[in-house]
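Let me begin by presenting the structure, written as structure tokens, before commenting on it.
Just so it is clear, none of the values below were taken in a lab; they were calculated from the coordinates. Note that the structure is a prediction, hence the values are computed from the model and not measured. Here Cβ is always computed from backbone atoms with ideal geometry, including for glycine, and neighbour counts include all displayed protein chains.
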Amino acid sequence: MENKRVGKLRMEEIRERILNKVKILSENVLLGPKIGADSAILKTKEVIALHCDPITGAKKNIGKLAIIIASNDIVAIGAKPKFATLCIILPQSSSIDDAEEIQEQASNKAREMNISIVGGHIEFSPLVNNPLVVTTMIGEMLEDYEERFKEFKRIKEKPEEYLIAQIKPLALEATAILAHDYEDKLSGKINKKEIEEAKKLIEELSIYDVGLRIFENKLVIYAHDPTEGGMIVALKELAEFLEVGFKAYEEKMVVLDLTEKILKEFNLNPLKSLSSGCMVCVIKKNKKDEFEEFMKRNKIVHSIIGELKKSGCEIISKEGKIIDVEKESEEEELWKLFSF
């Protein structure tokens, strides 16, 4: 292993171990990743969505997560992810092998999702202790975005006509990260089969397929990707964006038994934990039956978890207590583990 490296990779390393893993999948990429090119050049006539996201809470699978997490936010706004750039910062104790593995993970996942990685940057730095990957994702808006955006005003005027829906279980991301990165702490408390099952949840963190389908079928008005802070923060952000209040019910929120079991070992709350793979959506009350029929027909885990209202943000706990969400901490539960 090479130690105490600083700065960019050598040209032959970039050429032979990074760029050879990148495949351009769109004819709209006029200039992609190339030594000596300071920027990518794209040609598109579409309305585009832009998003940037770092991967900071995981130690393994960060290349894969870098594509999944950033693409989720593009899908949640009602756009199709098309292009990505990656900025990979490695600690000095890392090696070119680590850089190559991260790039390979990202490239493989991007290829699966028909996303072109069009540029990026990799370097070693004394300022980080663990690898840091920051992804910029570019997507093209689906056709009905203007009508959906007009609906936001109507939501503010008559919030009682809208429901909150959850798609896929909460805290899948937290569960997968714990199984991969903290397996030694789980061994002896959770059986091996369950740990392996939890590790496989890494493959459930993308909302690409279900997200695009619900927008293409015009089943949702608004969607949000509950990442840091989980459902609690996602609902607070939903209310902030739409300028409304809500009442949601904990007993209606979907959490896997395996998630509850693993998070309990670390004293973590699933409602406040990383939840990529889940979607929090706003649907019209008069579309409820159509929404649920679509979900059941496609065997997608879902639940109607609450409704919008003029003001006040509250969750009714399983015990029947009112949780004032506006007073709840926005801190991610997983960050507690960094003090172990």
Exercise. What percent do you get for the relative contact order of the chain when only Cα pairs under 8 Å and 6+ apart count?
Worked result: 21
Exercise. Given 0.36 nm per residue, what is the gain on full extension from Asn108 to Phe294 after removing their alpha carbon distance, in nm?
Worked result: 63.9 nm
For this session: Rounded to the nearest 10 degrees, what's the angle between the helix 288-297 long axis and the longest principal axis of the chain, both from Cα atoms, 0 to 90?
Result: 50
Problem set entry | Cα lying deepest toward the dipole's positive end in the range 145-339, options Leu201, Phe241, Gly306, charges on Cβ | Gly306
For this session: Report the extension gain between Asp144 and Lys34 in nm, rounded to one decimal, defined as 0.36 nm multiplied by the number of residues separating them, less their alpha carbon distance.
Result: 36.0 nm
For this session: Mind pulling the angle between the C-alpha long axis of helix 62-76 and the longest principal axis of the chain? Nearest 10 degrees, somewhere in 0 to 90.
Result: 40
Exercise. What fraction of the DSSP beta bridges in the range 7-141 is antiparallel, stated in percent and rounded to the nearest 5?
Worked result: 70
Problem set entry | Cα centroid separation, the range 115-192 to the range 267-337 (Å) | 15
For this session: Measure nothing but the geometry: give the 0 to 90° angle between the long axis through the Cα atoms of 145-157 and the longest principal axis through the Cα atoms of the chain, rounded to 10°.
Result: 40
For this session: Please get the size of the charge dipole for the chain, origin at its Cα centre, with Cβ charges of +1 on Lys and Arg and -1 on Asp and Glu, quoted in debye to the nearest 20.
Result: 380
Problem set entry | Order by protection proxy (mean Cβ within 10 Å, highest first), peptides 288-300, 117-129 | 117-129, 288-300
